[in-house]
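Any read-out appearing in this document is the output of simple, stated calculations on the displayed coordinates, not a laboratory observation. Just so it is clear, the structure is predicted and the values come from calculations on it, not from any experiment. We place every Cβ from the backbone using ideal geometry, glycine too, and count neighbours over all the protein chains shown.
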Amino acid sequence: MLEIKCPYCGKRSQNEFSYGGDATIKRPQLGEEISTEDWDNFVYYRDNPRGKHSELWHHVSGCRQWFKVSRDTATHEIFDTCKMNEDFNV
Amino acid sequence: MSNSFRTTNSTGLINKDKKINFTFNGTIYHGYEGDTLASALIANGVHLVGRSFKYHRPRGFLGVGVEEPNAMVQLHDGNKSEPNIIATEVELVEGLKAKSQNCWPSVQFDIGEINNVLNRFFPAGFYYKTFMWPKSFWMKIYEPFIRKAAGMGKAPLLPDPDRYEHNYEHCDVLVVGSGPSGLASALAAAKNGARVILAEDKPNFGGSLLTDEVTIGNMSGKEWASDTISQLKSMPNVILKKRSQVFGYYDHNMTVMIERVSDHIENPSKYTPRQRLHYIRAGEVIVSTGSIERPISFGNNDRPGIVLASAAKEYMKVYETLVGKKPIIFTNNDTAYSTALEFIKNDIEPIIVDTRDSSNGELVKEVQQKGISIKFNSGIADTKGHLKINSAIIGKLDSSKESFISEETVECDCICMSGGWTPTVHLSSQAGNKLKFNDDIDAFVPDKKRQKETAIGAANGSFTLNQSLAEGFQVGFDLSNKFTDQNNPTNSPNSNEPSYEKHEKLWCMPLPSGKKPKRFIDFQNDVAVSDVELAIREGFRSIEHVKRYTTLGMAGDQGKTSNLNGLQYVSKIEKKIVPEVGHTTFRPPYTPVTIGAIVGREVGNHYLPTRKSPIHTWHEENNAVFVAAGLWQRPRYYPMGSEDMNSAVNREAANVRKNVGICDVTTLGKIDIKGPDAPEFLNRVYTNAWLKLPVGKARYGVMLREDGMVFDDGTTSRLSENHFHMTTTTAQAANVLSHLEYYLQVVWPDLDVNVLSTTEQWSGIAVAGPKSRDLLSKLFPDVDMSNEGLPFMGLVDSSIDGIKARIYRISFSGELAYEVNVESNYGLYTWKKIMEVGQSFDIQPYGTEALSTLRIEMGHVAGAELDGRTIPFDVGLNSMVSQKKDFIGKRSLSKDAFTESDRQTIVGLVPLDKKTKIPEGSHIIEDNSAVAPIPKLGHVSSSCWSVEYNNPFSIAIIKDGKNKIGKNLYAVSPLKDISIPVEVVSSHYVDPEGSRVRS
Ligand SMILES: [Zn+2]
């Protein structure tokens, strides 16, 4: 079980959180003209890297905030966590 | 022969003043307080405890602790029965019952032993090869046969009556194992102010100090251990746990430990758990798990009475028990001589067989000084004795040590063997440590760590006491310094122990002349030298493949005694060095763990939390039959007298259509939405328009996922300019909240909106039926309930007996209906009040079944239609989709597949005979006589008995549904062998114009 540092609450066990996928995905603007291919890339396609991955987590059994986690998908090492409007330090 | 194998000394840890009676295979024996099941049986001369896994060979004890691969027994009976328990780990308790496993009819005479006679037909990979074909034989012949013949103990069929607890712990330093290095590190860390947990698997702290003749400072090793434990006990920053095995090392320094709380207590108090599972998140983990002695492979080296030399010593020193009275010590190193000396102390002269040419070790000399001659350059070639060893064939090794020059038969009743020592690296390996091979000790030791884990002492390959203590004190201090600022090191005391000479790299004896007895490597999985040879001959090269093909080092045992001997043998055949062969991965759990302990208290009603509405007690008092809706308990129906479910449901539903019904809808998800951008936010979340919804009005909304599938639906109302009250389905309440939070926090943080769950703050009561207006007028005389005063989708605040209430005119049943919301605590009062006033309007409560009936007849969609695979078009909600604005998931709706003209749509189905109910999940096909595979048009999502028309009615989602209305199709359920001719009708079966809700 991972130990994740919520930027609002501090270190908590993984069972308080839910996973939210790739944090670098940007939703297309509302009303934006967009090709089917680009839309499909947004909805369905995700990279599956081995190594450093920037991802979203939601502190569902805590403060209910979404935030960013920089994690190694192979070793589970967590390099940094930050609020949505912040950038990772490492 | 009662306890005839006890020593006469009393230097051990058992209490001979307290007798304990127990039963093994139906015979009553006694042992003493402090015994294990294993030591007590051995003291009674019982070595035969089970049959081996594959060949059903008679097996006895090999070890004295967790390393034991053979002595697995079935404990207790009835609902307390537990299989595969290691007898060396069971503390004796009055009345204990145990029996052998994997044998029938008895351990002495086992039918399965035929496998041993036929053993050339059961080589490695036997199952893979033999049972592959013909394929059709698998289910009927092979599988049941293997099931019967294989398998160890029997799982109990009754619920476990015992109580298990979970505990979460945090500490700076967790020390696993209380031998010299573990004690030293715990003491150093604790004295430096760190919060320390020290875990020991056995009932006594001290590890090897309990059996080794050493001194530390001016104390014996045993005294130093007990002195150190007293010091630790007095410190408030230390938790000491014995009978506690750390069996798993997971990510981010999460370890899991099982504590045997009351297994050893005769009559534990009612509220004492049997076992406790501790999740320990440790800042640093010190792995001081020691080492395990290695067996030696030789002919028939698995007979009862053949044990590890260290086990024999511990049985004598701790349990005052002799594994035999005519022992042979067989070794490739010096440590087994301490076992020889222990026998000599008990006036027993052992025969000593040493593979080496000579040794000048202190213990060897001491043995020689006692006048005992040692058979150097010798090995055991074979053994005899069916249910217990009675003799050994000792051979003189030639110079290459590849064969025997001469052989002699020697009588004996036990063999104590030692192939040297293997560091217990399981936890480090589980933690991701890349092990390295240490040539000096011919074993793997931890090297490159991935987590905050440090191995010390024998687990780190440091086999001398001096080194172990020094490492312990140093590492304990260094690691604790990360957590405290006391900088208070503890010095390592002087210690004294015998010096040892090096072991010989020899773990497998040559075969005796003219014979090919099995030489076992892995006792638990019945893997012999010949199996490893076969695997390699058949081309398996990777050690991971050899492991799986032969089953070497698998299962509960995890190769504790077999792993390295297997590797050594592979490397010998392959002519590679061991590090080139590599090692297999160690996996948790290190020792078998009771499933009950893993489950903990999450059984029965504690499996999940139960959510009850504030009106629950009324439902109970009024005979409600409940159904689980997620975590909620909801009334399903309220049978009257001897009514069955169908008649109760029909009565309840019909009463709503005719008079008025009342339904508890508290479970619906409710979300409070506030902020200047709230209307804009709803406009983006829902498919329809929200900007112009007037204050005091409700609107039905549908929300999609980005892939265009319907996510949820519900009514949301505008309470004031910037304040909305959203309702969701019961099932999706939590997911909708997360979804809204995601868009507000991640996608559109510029929107000034706050969302908050208010599901549990409101109690919701639906009042539905043609008489509902009259009833509500009486309840709320101040409110104008006329169609103009409170129109469909309107809402109004009022009060009832001083309780604030909000009345929504909304309908799920398709009838004229209202929903009264009050603060949760007043839900029950309000419900009772409505029931009371409703008597004169023939009010009746209705449950979820009638609720479903009413909505299905009306063609209102619910979870069965909104199953994550339907877009608005499919479920008749296209009119809800705004063409003017963008919203979540809209772009997906214009994808090719979603705009095909013959796309699936929702329809109604009525069986032609107007009698047969169509099972939900049935397939819809066009031609009943077609040959399979028959193209499927769609499926039945919801079924009910229409109370309006008094015949069955179903909702289905079928391809090109809108053009199928009026046609006859078939609803088939091949599993139930049902085929029902049906007519396709509109899904709006009752009141298609929707006039009732607006009346
Ligand atoms: Zn938080």
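Projected onto the charge dipole of the stretch B:208-359 (+1 at Lys/Arg Cβ, -1 at Asp/Glu Cβ, origin at the Cα centre), which of B:Pro304, B:Gln245, B:Phe330 gives the Cα projection farthest towards the positive end? The Cα lying farthest towards the positive end belongs to B:Gln245.
The ranking of B:Thr331, B:Thr8 by Cβ neighbour count inside 10 Å, starting from the fewest, reads B:Thr8, B:Thr331. Among B:His923, B:His56, the order by Cβ neighbours within 10 angstrom, fewest to most, reads B:His923, B:His56. Listed by chain and number, the aspartates and glutamates placed with their C-alpha closer than 18 angstrom to that of B:Lys482 are B:Asp172, B:Glu284, B:Glu453, B:Glu471; residues fewer than eight positions away on the same chain are left out. Ordering B:Phe812, B:Phe343 by the number of other Cβ atoms within 10 Å of each residue's own Cβ, fewest first, gives B:Phe812, B:Phe343.
When the C-alpha to C-alpha distance is required to be over 24 Å, the pairs from B:Lys804/B:Lys833; B:Lys80/B:Lys547; B:Lys97/B:Lys154; A:Lys11/B:Lys191 that qualify are B:Lys80/B:Lys547; A:Lys11/B:Lys191. Please report the spacing between the Cα centers of the stretch B:488-507 and the stretch B:552-577 in Å, no decimals. Rounded to whole Å, the Cα centres lie 26 Å apart. For B:Glu169, nonlocal amide neighbours, meaning residues 5 or more places apart or on other chains whose placed amide H falls under 5 Å from its own, are B:Tyr279, B:Ile280, B:Arg281. Couplings for the stretch B:891-902, taken from phi via the Karplus curve 6.51 cos²θ - 1.76 cosθ + 1.60 with θ = phi - 60°, read 4, 5, 5, 9, 5, 3, 5, 7, 10, 4, 5, 9 Hz in order; Gly and Pro are left as x. For chain B, the share of DSSP beta bridges that are antiparallel, to the nearest 5, is 75%. Bridge orientation summary for chain A: considering DSSP beta bridges with both residues in this region, about 100 percent are antiparallel. Restricting the calculation to alpha carbons of the stretch B:517-593 gives Rg and Dmax of 11.7, 38 angstrom. Reported to the nearest whole Å, the Cα centre-to-centre distance from the stretch B:233-247 to the stretch B:848-919 is 60. Computed over the stretch B:339-441, the convex hull of the alpha-carbon atoms projects to a mean area of 9.7 nm². Close Lys pairs in the stretch B:890-985 (alpha-carbon distance under 18 Å; sequence gap of 8 or more, or different chains): 10.
With a/c under 1.5 counting as rounded, go ahead and sort the stretch B:886-999 into rounded, prolate or oblate using the C-alpha gyration tensor (a ≥ b ≥ c being the square roots of the eigenvalues; past the cut-off, prolate if a/b is larger than b/c, else oblate). Oblate, since a/c reaches 1.5 and b/c is not below a/b. Using alpha carbons only, how many angstrom separate the centre of the stretch B:960-999 from the centre of the stretch B:686-765? For the stretch B:960-999 versus the stretch B:686-765, the Cα centre distance is 31 Å. For the stretch B:670-758, what does the alpha-carbon gyration tensor say about shape, rounded, prolate or oblate, given a ≥ b ≥ c as the root eigenvalues, a/c under 1.5 as rounded, and a/b over b/c as prolate? Judged from the Cα gyration tensor, the stretch B:670-758 comes out rounded (a/c under 1.5). Each Lys and Arg adds +1 at its Cβ and each Asp and Glu adds -1 at its Cβ; summed about the Cα centre, the protein assembly as shown shows a dipole of about 1380 debye. Distant-in-sequence amide contacts of B:Val175, defined by a placed amide H-H separation under 5 Å and a gap of 5 or more residues or a different chain, comprise B:Ile197, B:Leu198, B:Ala199, B:Ile286.
Tell me what the protein assembly as shown gives for mean residue ellipticity at 222 nm when only DSSP H runs of n ≥ 4 count, each as -39,500 (n - 2.57), the sum divided by the residue total, rounded to 500 deg cm²/dmol.
-5500 deg cm²/dmol
3J(HN,Hα) couplings calculated from phi for the stretch B:798-810 with the Karplus curve 6.51 cos²θ - 1.76 cosθ + 1.60 (θ = phi - 60°) are, in sequence order, 8, 8, 9, 6, x, 8, 5, 9, 10, 10, 9, 9, 10 Hz; Gly and Pro show x.
A Förster distance of 22 Å, applied to the separation of the beta-carbon atoms of A:Cys9 and A:Val90, puts the FRET efficiency at 0.60.
Of all DSSP beta bridges located in the protein assembly as shown, what percent are antiparallel, nearest 5? Looking only at bridges with both residues in the protein assembly as shown, the antiparallel portion is about 75 percent. With pairing defined as another cysteine C-beta under 4.7 Å, the cysteines of the protein assembly as shown that fail it are A:Cys63, A:Cys82, B:Cys103, B:Cys171, B:Cys412, B:Cys414, B:Cys416, B:Cys508, B:Cys663, B:Cys944. Using the Cβ of B:Asn433 as centre and a radius below 12 Å, the other residues enclosed give a net charge of +4, where K and R count +1 and D and E count -1.
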